[in-house]
1. I want the local charge near K87. Using Cβ-Cβ distances under 13 Å, sum +1 for each Lys or Arg and -1 for each Asp or Glu among the other residues.
2. Quick one: putting +1 on the C-beta of Lys and Arg, -1 on the C-beta of Asp and Glu, what dipole do you get for the stretch 73-187 around its Cα centre, in Debye to the nearest 20?
3. Cα centroids of the stretch 168-195 and the stretch 287-334: how far apart, whole angstrom?
4. Among V431, S333, P63, whose Cα projects farthest towards the positive end of the dipole of the chain, with charges put on the beta-carbon of Lys, Arg (+1) and Asp, Glu (-1)?
5. In a shell of Cβ-Cβ distance under 10 Å around F153, excluding F153 itself, what net charge do Lys and Arg (+1) and Asp and Glu (-1) give?
6. How much net charge surrounds D346 when only the other residues with a Cβ under 15 Å from the Cβ of D346 are counted, with Lys and Arg +1 and Asp and Glu -1?
7. Among V154, P118, L188, which residue has its Cα furthest toward the positive end of the charge dipole of the stretch 107-207, with +1 on Lys/Arg Cβ and -1 on Asp/Glu Cβ?
8. Can you find, among Y307, I363, Q263, the residue sitting farthest towards the positive end of the charge dipole of the stretch 206-363, where Lys and Arg contribute +1 and Asp and Glu -1 at Cβ?
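Every read-out reported here was derived from the displayed coordinates using simple, explicitly stated rules and does not represent laboratory data. Quick caveat, the model's predicted, so the values are computed rather than measured. A quick note on method: Cβ atoms are made from the backbone with ideal geometry, for glycine too, and the neighbour counts reach across all protein chains shown.
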Amino acid sequence: MSIEINRNVLIVGGGISGLTAQFELEKKGISSLLIESENEIGGKIKTVKKSLSKGDLVVELGPDSFVPNKDTFELLDSLNLKSDLIKSNKLKTGILKEGKIKDLPNGFYFMLPTAAIPFLTTSLVSWRGKLRAGLELFQEKRRDNTDESIAQFVRRRFGDEMLQRLVKPLVKGIFGADGECQSVNATLPQFPAMEKKYGSLLRGMLRSQKRSSPGFLSFKEGMNQVTKSLYQRNRDNILLGTSLINLTRDSLGGFKAKLTNNQSLKVNNVIFATPPRITAKYLDGLSSEASDLLSSFKQKKTRLFYYAYPIRGKIPDHTGLLFDRDLGINSLSFSSLKFQKRAPEDMLLVRASCSAEGSEMQIEELIRKLSGVSMGAIWNDKSESTMPLYEVGHRDRIKRLYSLLPQDIFLCGNAYEGASVPDCISLARRVVGSIMQDLK
């Protein structure tokens, strides 16, 4: 016997985007049902605890921190989670160059040296490269708004040496891409905006008012504290282990959703908070053009390795390491140095983000060499993750995608308007705002 449920909004996907959208809808009195195909909530945010004889490890299988924006702080305030926020320890990032670890200049922000002395004294960039970067003040600004890659933008503004020595290691470590195809307008829009407003990024940095950043934050119990809190608020309207089979129009212009477990649902609006290629399958019968466009979105697969080592003697000087050439590793993060209480005091918790190439044995050998540990890992694990690739022209593709969607179908998630946790929260809140506008 089929069970029929009635709600105003169906949300497909139980990551931070779908959970935030549901929370905002419920606050405004709009009934919703969220379905998640997995048996646990959280999506990309996954925190696991591993009990060892000397204490617990808190391991992040997804994002390990975030830099909050206004929407994030407002959400955390509503969830009463602000008191559970923890700040990262003082971060010190190194770049492996010619077998030696060099400090990333203090104050270097993606492509912008915000502090003169650390940049002028770094050995990562030659004096010729520094002079070329300084000439950015006098580079003519672009007169059109056409998109370009991060690499093209940096090469044009600061020169190729700074791109290769500093920017590419950062972009690869954060986004899992080398920057040659990654859209600067979609990935780092603040920098083209500075060029447009001030004519120069360095001039914009000097003229704009400096704002103190809260830095990288996480939660005492790990990143999944926020998704667990959102789940607890609306658990009666969340179905785990439940998938959407198909979505069709009903005779009144709304939708009929057929779910697994012999359930069906009548709704007026649908929010897809699922990866683009999954969303594409559901939209095929409603908008074939939107479905085709979503199917073309690309993702980058990343392998993540986790190790816990006993500390014998000196600990690493850095909280994270980047690489100026391809060694099979995008970045190393010493999680227990980055945040307190992620491992027992006499243990080092390491996370390696790796490309598809490179053997696990080679990766661990490199980690041991760079971290200075003298003993083998007493615990290890691995997982896989995907990151959306914002290729050049991404914003135009998103604009076209939105124009192809039926007016009662909405998208949110990290594939569209920003890949960070705060970006996902902001987009989910904007989607709810659009639904509320349509209901007026």
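1. Numbers: positive: K82, K90, K220, K338, K341; negative: D84.
In short, +4.
2. So the dipole magnitude of the stretch 73-187 works out to roughly 540 debye.
3. Between the Cα centre of the stretch 168-195 and that of the stretch 287-334, the gap is 16 Å.
4. Farthest towards the positive end: S333.
5. That works out to +1.
6. Details: positive: K54, R312, K314, K341, R342; negative: D56, E345.
Charge balance near D346 sits at +3.
7. The residue sitting farthest along the positive end of the dipole is P118.
8. Working it through, the farthest residue towards the positive pole turns out to be Q263.
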